[in-house]
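Okay, structure first, notes after.
Rule-based calculations on the coordinates, nothing more; no lab input. No experiment lies behind these values; they were computed from the predicted model shown. Glycine also receives a Cβ, built like all others from the backbone with ideal geometry; neighbour counts cover every protein chain displayed.
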């Protein structure tokens, strides 16, 4: 049976350590963290259980390392995709494209780091929470930037940022490399969905809301600030001609 491998862009550990990490990813993904033993991991890596303990004190330490490396890889990708010099909509599209396709391309690692999060030791969990918040903040800042530019219409930027990221993360749960859609296809689809969620598409005017007004340009709701939309204001009627 071929030994499992870990993607080099996620882990830069020495070769033996990478074999152990890849074996742990495979075992955790198939059996779940709690059902996996260190003996399972060692056997998949082609090593003795004693050899594993030379490198890692426990399977919890392996899970923490996998989670840290996976989140660090995703955070770096998101940060680079959101680099300055582009408008907010283009940056958001690029971030979502990269983030969604990453969760397809690296679905085995992503499943472990996302769905075994609760098994992390408390100190490691706090570190991962910090990384997740930084990823979420990047997307929230882009949405707030789009609102400031007038290209996005979002009432709750933080909630929408979390919803967009949740959609991308869930790709790792169901993605099948043998399926019809590849990572790039999903990245393109999810970026379009995200832009629709914030009320814009690159190179297009913001969509018209019911009543013919431009979404977000004005407000007719007593709970939203902003001037009433000209298209919704009542036009004064001309006086009726005398009989």
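From most to least packed by mean Cβ count within 10 Å, the peptides 169-181, 36-48, 61-73 give 61-73, 36-48, 169-181.
Ranked by how many other Cβ atoms sit within 10 Å of their own Cβ, fewest first, the residues 190, 56, 115 fall in the order 115, 56, 190. Would you mind classifying segment 66-153 by shape? Square roots of the alpha carbon gyration tensor eigenvalues, ordered a ≥ b ≥ c; an a/c under 1.5 is rounded, otherwise it is prolate if a/b is larger than b/c and oblate if not. It is prolate, given that a/c is not under 1.5 and a/b is the larger ratio.
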